[in-house]
Amino acid sequence: RAAVRRAAPGRPPRRTRAPASGAAEPGLSLVIFAPRDDVAVHAPDPRAAEPLLASGTPHLYAGVVEGTGVVGPLVLPGETGCAGCLDRNRTDRDPVWPRLVTQWRSGRSRRVGACDLALATAVAGLAAAHALAFLDGQSPSGTGARWEVSLPGLTWHSRPVRPHPACGCGAAGRDRPEHSSTGGEPRGTMAVQRPSTERRREAGATRPAGTWRAHV
């Protein structure tokens, strides 16, 4: 409930209370961003994921705007491109992009637009499949990529989200271009991407396997 309130458009932030026992909130293996705002779907705000990048929490983006659906990227902090990388890559291609996004996000709050039910169901299914595959230790195709689909053709297209050297996430500074797999083991922390090598990445912190949260 708290996650839904924090992600609700136009809702002021709430002050959080510390747990009575003094124990910290258990870590999450995956967080899903599923905004209803059309701008947030097309252009995810990098600031929303800053706490997740800082804590090393993997997160997945998904959403539907009218006749267009998006799944991805699945962000592995420090490993793959994030929302900030996506924004900077777009700016490199179109210098006017930051001004457009600022205009879209400014002004009065927008009403949530309608979307196609069948398309929304398909997007939700693909997002859930990505989440379950990730939690089972696999490397879903949305890792470091963004899947897009539009009506009426319903043809899925994958666009890579490459790490940007100017982004503070640090993914562009890694030595190796590929990421090792977990060998099919359930993830308890952030996972790695491609099943092309046998090397394993040591996790810095332990989180309960199979724990995830959705922001809607």
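In which sequence would 85, 115 go, from the one with the fewest C-beta neighbours within 10 Å to the one with the most?
115, 85
With each label point set 7 Å from Cα along the Cα-Cβ vector, what nm distance links residue 158 and residue 55?
3.0 nm
Would you mind ranking 106, 29 so that the residue whose beta carbon has the fewest other beta carbons within 10 Å leads the list?
By the 10 Å Cβ count, ascending, the order reads 106, 29.
Relative contact order for region 62-122: what percent, with Cα pairs under 8 Å and sequence separation of 6 or more?
49 percent
Any idea how far apart residue 92 and residue 117 come out in nm if each label point goes 7 Å out from Cα toward Cβ?
4.3 nm
Under 5 Å between amide H atoms, partner at least 5 residues away or on a different chain: which partners does residue 59 have, H built in plane at 1.01 Å?
Counting only residues 5 or more places away or on other chains, the set is 31, 75.
Please state the charge dipole magnitude for region 62-121, taken about the Cα centre, from unit charges on C-beta atoms (+1 on K and R, -1 on D and E), reported in debye and rounded to the nearest 20.
360 debye
Quick query: amide H of residue 145 versus all other amide H atoms, modeled in the peptide plane; which residues come in under 5 Å with a sequence gap of 5 or more or a different chain?
Here 74, 161 satisfy the definition.
Every read-out reported here was derived from the displayed coordinates using simple, explicitly stated rules and does not represent laboratory data. What you see is a predicted model, and the numbers here were worked out from it, not measured in a lab. In this analysis, Cβ positions are derived from the backbone assuming ideal geometry, glycine residues included, and neighbour counts consider all displayed protein chains.
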